[in-house]
1. Given the C-alpha atoms of region 1-43, compute the convex hull and give its volume per residue in Å³.
2. Just going by the charge dipole of the chain, with Lys and Arg at +1 and Asp and Glu at -1 on Cβ, which of Ala116, Asn29, Ala126 is farthest out on the positive end?
3. Rank the residues Asp80, Asp40 as a footprinting-exposure proxy: fewest other Cβ atoms within 10 Å of their Cβ go first.
4. Roughly how large, in nm² to one decimal, is the mean projection of the convex hull of the alpha-carbon atoms in region 80-126?
5. Kindly give Rg over Rh for region 5-119, based on alpha-carbon atoms, with the Kirkwood expression for the hydrodynamic radius.
6. State, to one decimal in nm, how far the label point of Phe63 lies from the label point of Gln14, with both points 7 Å from Cα in the Cβ direction.
7. Return the percentage of antiparallel bridges among DSSP beta bridges fully within the chain, rounded to the nearest 5 %.
8. Say the dipole of the chain comes from +1 at the beta carbon of Lys and Arg and -1 at that of Asp and Glu; which of Asn13, Ile65, Met1 then lies farthest toward its positive end?
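Nothing in this text is a laboratory measurement; each read-out follows from the coordinates by a stated rule. These numbers come from a predicted model, not from an experiment. We place every Cβ from the backbone using ideal geometry, glycine too, and count neighbours over all the protein chains shown.
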Amino acid sequence: MEKTLKDLVAEANQHVKTYEVAEAIERFNQKRGRFIDVRDEPELLNDGKIPGATHASRGMLEFYIDPQSPYHKDIFSSEDEKIFYCKSGGRSAMAAQRAQEMGVKNVAHVAGGFNAWKEKGGPVEA
């Protein structure tokens, strides 16, 4: 195996902006940036999400980003900062990296993901 999952996540973290949870919560409270949840739907149903976050599962992300795709989501064409998160920070790092590779501007992700968000008292909606 040339690269492990751990290698891919570490590489992604070297290329994308990462917000520590406290900073991400501050950005949320100041309405700076749009949060994008890349977890799978059952995770959202079981655990909730950051209020107002856009769901864009990691498995469909490239389809949502590409403006030529019938699945395109307008958030990826906006000038707003896109702040990706997942359960613990791995998928969101790789999602942010892929978004950058596809030309999306103003991209970041949340270190520690939704688990860290909840642990630090970040707001959650069912």
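1. 113
2. Of the candidates, Asn29 comes out farthest on the positive side.
3. Numbers: Asp80 11, Asp40 15.
Ranking Asp80, Asp40 by Cβ neighbours within 10 Å, fewest first, gives Asp80, Asp40.
4. 3.5
5. 0.93
6. Spacing of the two 7 Å Cα→Cβ label points: 3.2 nm.
7. 10
8. So the residue we want is Asn13.
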